[in-house]
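See below for the structure under consideration.
The values are calculated or read from the model by the stated rules, or taken from the named source; none is laboratory data. All figures in this text were calculated on a predicted structure; none of them were measured in a lab. All Cβ positions, even for glycine, are placed from backbone atoms using ideal geometry, and neighbour counts span all protein chains on display. Protein only, heavy atoms only, side chains kept; ligands, DNA and RNA dropped before computing areas. Shrake-Rupley method; radii C 1.70, N 1.55, O 1.52, S 1.80 Å.
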Amino acid sequence: MLRMEIALFLILAFVAFVYFSAGRKHTTLHKTFSLLLIAMLVHLAFDGATIYTVNHLDTVPLVWNDLLHRFFIGTMVLVVYLFYQYIAILVEEETGKPRRLDLAAKIYLAAAELGAMLLPVHYAVTEQGNYSDGIHASLCYVSVAFYLLLCAGLLLRNWTQIHRKQKFAIGAALVIEICGAILQGLHHTWLISGMGLTLMTLAFYLTLENPDILRAELTEQKMSMLYLKSQVNPHFLYNTLDTIRIQAQLNDDKPVADLLMRLVDFFRLSVKVDRQMVALDDELELLEAYMELMCYRYPELRCEYDIDPDLGGVLVPNFILQPIVENSLLHGLKNKGYRGQVQITAQKSNRHKNRMEIQVIDTGSGFAEGKKEAIDQMLLHYARQAPKLEGNSIGILNVQKRIKLLCGRDCGLWYTENPAGGVTAHLLLPLNEEEGT
C-alpha cells in the first residue's frame, strides 16, 4: 500500500507542477484549487507515513504514531472541506447564487480539526494488516459524509443551471469518493482513502482545470475575434465613405482630410489582433476614432469621456469597448434618431479590490420588454453559449467570453437601466498591469 501512496504523490506532484507553471489567473476558483493541490500533497505524505507506522507498532514509538495519525486525519478533513469550497465556488459562478452553507462548513471544519487533535487514537491489529479504528478514525467517515452531502445538495438544487461539463466533473468526483469511502469502510486494511481523494482531484483537473483545455478555449475565442475584426460592419464603412463623398462635394477643405484621417486611424487600430491585451489608452484611441466618425454622421450625437488619468497604462482585453458602444448606438440611440449622448467612464472600483470599472452610459430608449432578462441570462451563462459569427448579441457575448478567459471569472460585463432612461454597460477589469497580462 505504501508503494501506491508514493505513486499517487508523484502523480499529483506532476499535476501540481504543470498547473502552477501554466501561469493562471488569480481568481477565487483557481486559488481554491491551488490550495487543494497543496493540501492533497501534504495529506498523501502523512497517509504514506501512517501506512508505514501503523504496520510497525512494535518499532515506531506510540507518540509518533499518534501524532502522524492526527495530522493524517486533520489534513483529510481539510481536503474534503476544500473540495466542498471548490464545488461551491464553481456553482456560484455558474448560477450567480451566493454560497449560503459556507458558515456551517467552516464551523464543522473547526470542530473536526479540534477533534482530530484531541480525540483518542486506537489501533486494530489483524493478520491482514493494522489500521486505526475507534472514534478518531470515525471522524474521517463523518467528515467525508458531511461535505459530500453538502456538495450533492448544491449539485441537485442547481442541476438545470450548471453547464454539462461542470455537472459531469462534480458528479464523477462525488461517485468516486463515495465508492472509495464504502470500500474503505468494508475493508479497513485496504487503506485506499488517499486513492479516492486523488481520483477526485484528477477528475476536476482533467475536466475543468487542465491548461490545455483553457488554452484551446482561448484560441477559439481569439479565432472568433480575428474573424469578427475582418468582417467590420460594411454598412458602417459604406455610410462613412458616403458622408465623406458628400462633404467633398460641398466643401473642399480640412474636414474631408480630418474624416479620412479618423477613418484610417480606426481601421489601423482595429486590425491590431496580434496582442490579446492592450493599454487602456490604446483601446480608447480606437474608440475615439470610431465615435468622431459617428458624431460627424449624426450631428446631434455627443460623446463624453471621464477617464482616470492613472489608468491609461492598465492592460485590458483588445477590442472590447467599440462593440459595447456600437451596441448602445444600434439598440438605444438609433430608436431616437441618434439624438443623445454616450458617456465613457473609467475609474478604480470602490467595491472590488485591485479592480477598475469602465462604464458606457447612453441616453437611448433603454431595453425592450424582456430584453434585459435575456441579456442577463446570456452573460451569466456565457460558457454555455456556442461561438457565434452572426446575430445581434455576438458583440457583447464575445466581449464577455474574452474578459472571463483573459481576466478571470470574477471580472466581466453586465448591464443596468438608468433612472432617467437609457442603459449603462459595466465592465469590471483587473487594475494591475501584471494581473491583466
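Which residues, taken from the range 301-331, are outside any helix (DSSP H, G or I), of a type in the set (A, V, I, L, M) and either without any contact (Cβ under 8 Å) to a residue 40 or more places away in the chain or open to solvent by 30 Å² or more (accessible area, probe 1.4 Å) (or both)?
Step one: of the range 301-331, the residues outside any helix (DSSP H, G or I) are 301-308, 312-320.
Checking the rest, the ones that are also of a type in the set (A, V, I, L, M) come to 301, 307, 314-316, 320.
Scanning the range 301-331 gives 307, 315.
Return yes when residue 399 is over 30 Å from residue 89 (Cα atoms), of a type outside the set (Ser, Thr, Tyr) and buried (at least 16 other Cβ atoms within 10 Å of the Cβ) and no when it is not.
The answer is no for residue 399.
Tally time: how many residues in the range 164-188 are surrounded by 16 or more Cβ atoms within 10 Å (Cβ to Cβ) and farther than 19 Å from residue 202 by Cα?
Residues meeting the conditions: 2.
Looking at residue 37 and the list (1) free of Cβ contacts under 8 Å to residues at least 40 places away in the same chain; (2) closer than 27 Å to residue 407 by Cα, which single condition is not satisfied?
(1)
When you go through 315, 284 one by one, which is the residue that is closer than 30 Å to residue 27 by Cβ and touching a Ser or Thr at 6+ places or on another chain (Cβ under 8 Å)?
The match here is 315.
Cβ-Cβ distance below 8 Å, separation of 6 or more or different chains: which pairs start in the range 161-173 with a residue that is farther than 18 Å from residue 82 by Cβ and end on one that is open to solvent by 20 Å² or more (accessible area, probe 1.4 Å) and of a type in the set (Gly, Ala, Ser)?
Partner pairs satisfying both residue conditions: 163/383.
Might you check whether a residue that is open to solvent by 30 Å² or more (accessible area, probe 1.4 Å), among the aromatic types (Phe, Trp, Tyr) and under 25 Å from the mean Cα position of the chain (by Cα) occurs anywhere in the range 125-143?
No.
In the list 334, 353, which residue meets the criterion of being basic (Lys, Arg) and assigned to a helix (DSSP H, G or I)?
Unique residue meeting the criteria: 334.
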